[in-house]
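Q: Before I ask anything, here is the structure I am working with.
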Amino acid sequence: MNSQSTDVPEGPQDHSPLPTEWQEAIDSFLEFRRVHRGVSSSTLTEQRRFLRQFAEHVSPPGAAVRPPGAIDAGHIDGFLLRGCTLGRRWASRAATALRAFLRYLTLLGEVPAGLASQVACPRMYRMAGLPRAMEPSDVRRVLRSVQRRDPGGRRDYAILVLFATYGLRLSDVAALRLDDIHWREGTIEIQVVKTGRPLLLPLTDSAGDALAAYLQHGRPRSDDRRVFLSRLKPFQPLTRSHISNIVRHAMDRAGVKLQHVATHAFRHSFATRLVRNGVPIDTVADCLGHASSRTTSIYTKLAVEDLRSVSLDPREVIP
């Protein structure tokens with residue numbers, strides 16, 4: 001999966017320990033996928049989350065433990081039906097993780113052959129839904145929620161400005177290096193993790209000012225060339241999870257509520273703003289670092305207000 005693979009609701013969070021049988025089975029499955037299938041760490045993290053939720057469904061805390069080998073079709077259907085309110089994307093990702101897990105258990109001889117085929121996976125249609133973008137007023141509220149008087153605030157503000165200004169992916173902000181900011185040329189080079197292609201963008205005044213304030217008065221001294229570092233020694237580069245939490249907390253402070261990955265709300269808002277301003281779709285695709293403008297075309301569906309402005313009043317066409 002790509003770096004957007006976690007753009008799904010997470011559902012209820014329960015960090016209570018799993019029964020030993022389940023924890024060992026999930027750990028060995030994920031290690032098998034990593035070593036023998038070359039699955040990315042982001043996909044493994046997502047699948048761990050889904051399988052943990054499934055384990056808690058089959059063997060809820062306080063109840064008798066039902067081991068993985070005792071799974072039946074009823075457990076599968078009950079789990080997917082319970083989570084279907086989280087959306088088609090959640091159901092599709094959960095079903096994919098569950099099917100792979102059951103195939104692994106079949107390989108070990110722990111569940112009957114064919115059980116994996118009983119996992120119903122909803123059909124996903126291209127451009128069936130709409131990206132959930134924030135309104136410009138919400139973006140401004142999130143930015144204003146950050147207190148920039150201390151180093152941590154200046155760092156968080158610079159991160160948020162990058163998301164709002166360029167619509168970057170979470171992985172691209174985490175990977176940003178000092179050498180990627182070309183001050184004299186007035187450009188910023190994004191090493192797009194998903195496509196592996198560099199993306200050269202103009203360094204806007206707002207982004208430049210925010211980055212300069214952080215680098216001069218907020219970033220700790222470190223030999224690491226990554227831009228965004230932790231505030232405590234040994235000053236490690238911020239992970240995707242840390243940056244995601246920074247964005248989520250800022251949105252919470254601003255009272256902006258969304259049910260999907262917070263950083264993608266900025267990306268969707270950036271793309272929607274360009275489309276509504278009449279920027280050609282190929283140019284929008286280039287700004288977003290998309291390999292194909294087909295991926296970008298989903299944002300053309302968001303210009304609903306533009307369509308309303310040219311639509312006919314029903315009284316004009318109904319006798």
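The values are calculated or read from the model by the stated rules, or taken from the named source; none is laboratory data. Please read all numbers here as calculations on a predicted model, not as lab measurements. Please note: Cβ atoms are built from the backbone with ideal geometry, for glycine as well, and neighbour counts cover all protein chains shown. Protein only, heavy atoms only, side chains kept; ligands, DNA and RNA dropped before computing areas. Shrake-Rupley method; radii C 1.70, N 1.55, O 1.52, S 1.80 Å.
Q: Out of residues 5 or more away from Ile190 or on other chains, whose amide H comes under 5 Å of its own, with H placed 1.01 Å from N in the peptide plane?
A: For Ile190, the qualifying residues are Leu199, Leu200, Leu201.
Q: Restrict the search to the range 171-220; then list the trypsin sites (Lys or Arg not before Pro) that DSSP places in a loop and that have at most 14 other Cβ atoms within 10 Å of their Cβ.
A: Arg184, Lys194
Q: Mind checking the per residue accessible area of the range 161-267 for me, 1.4 Å probe, whole number of Å²?
A: Averaged over the residues of the range 161-267, the accessible area is 50 Å².
Q: Ok, one more. List every residue whose amide H lies under 5 Å from the amide H of Leu229, counting only residues 5 or more places away in sequence or on a different chain, with H placed 1.01 Å from N in the peptide plane.
A: Hits under the 5 Å cutoff: Leu238.
Q: Moving on to the next point. With each label point set 7 Å from Cα along the Cα-Cβ vector, what nm distance links Ala70 and Val35?
A: 2.9
Q: Across the range 67-76, in residue order, what do the Karplus-derived ³J(HN,Hα) couplings come to in whole Hz, using 6.51 cos²θ - 1.76 cosθ + 1.60 with θ = phi - 60° and x for Gly and Pro?
A: x, x, x, 9, 5, 9, 4, x, 5, 4
Q: Here's a follow-up. Just to be sure I understand the model, the point goes 7 Å from the Cα along the line to the Cβ. What's the resulting Val279 to Glu135 distance in nm?
A: In this crude label model, Val279 to Glu135 measures out at 2.2 nm.
Q: Please report the carbon-and-sulfur percent of the accessible area for the range 174-288; probe 1.4 Å, protein heavy atoms only, DNA, RNA and ligands left out.
A: Accessible surface attributable to carbon and sulfur in the range 174-288 totals 50 percent.
Q: Fully extended, how many nm does the chain gain between Arg248 and Glu185 (0.36 nm per residue separation, minus their Cα-Cα distance)?
A: Extending this stretch completely gives an extra 19.4 nm.
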